[in-house]
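A short write-up of the structure that comes next.
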Amino acid sequence: MRGKMKRCCSVLLLSSMMIGCSAGMADLAAEGRWQELGYRDGLKGQHQKTPSALQQLATEAQQSVNYHDYEGGYLEGIQEYCNPDHAYQVGLSGNYYYGVCQHTPDAQRFRMEWQRGWNESTTIDTKNY
């Protein structure tokens, strides 16, 4: 029972973090919120944006890029995303893992937990059809 409760809390935490990210990339760039943009990319388990992609966002927003802030935010987001205690839920939710945790201390455990959730997710999907 305690394990299910822990998973449920992890789901709610991760869901609320994703829902709370309502401002779009363009809005964040226009406001010069590069740290927040990087944080959100990391928290979603996405690859870090390239300098040219960031420059394009900045140009469209008529802003200048702060690469340092973006990278700092990205590293914070990745640190939270790569927590192996949340990896099972990431996989169970059907979210693909792009290998962004491979250089973290718990990379192998993250991948195994994500895979376990992913496998269960795909098993559930195929049983429903």
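Pairs are defined by a Cβ separation below 7 Å, a sequence spacing of at least 6 or placement on different chains, a first member in segment 87-103 that is farther than 12 Å from Arg116 by Cα, and a second member that is small (Gly, Ala, Ser) and open to solvent by 10 Å² or more (accessible area, probe 1.4 Å); the pairs so defined are Cys101/Ala107. Selection within segment 85-114: residues that are touching a Ser or Thr at 6+ places or on another chain (Cβ under 9 Å) and part of a helix (DSSP H, G or I). The member of this set that is surrounded by the most Cβ atoms within 10 Å (Cβ to Cβ) is Phe110. Does segment 5-21 include one or more residues that are over 19 Å from the mean Cα position of the chain (by Cα), within 18 Å of Phe110 (Cα to Cα) and either polar (S, T, N, Q) or at pLDDT below 90 (or both)? Looking for residues that are over 19 Å from the mean Cα position of the chain (by Cα), within 18 Å of Phe110 (Cα to Cα) and either polar (S, T, N, Q) or at pLDDT below 90 (or both), one finds at least one in segment 5-21, hence yes. Taken over segment 24-62, residues that are in a loop (DSSP other than H, G, I, E, B) and surrounded by fewer than 19 Cβ atoms within 10 Å (Cβ to Cβ) amount to 9.
The values are calculated or read from the model by the stated rules, or taken from the named source; none is laboratory data. Source: prediction; values computed, not measured. Ideal geometry is used to build each Cβ from the backbone, glycine not excepted, and the neighbour counts take in all protein chains shown. Just the protein is used for accessible areas: all its heavy atoms, side chains included, with ligands, DNA and RNA removed. Shrake-Rupley method; radii C 1.70, N 1.55, O 1.52, S 1.80 Å.
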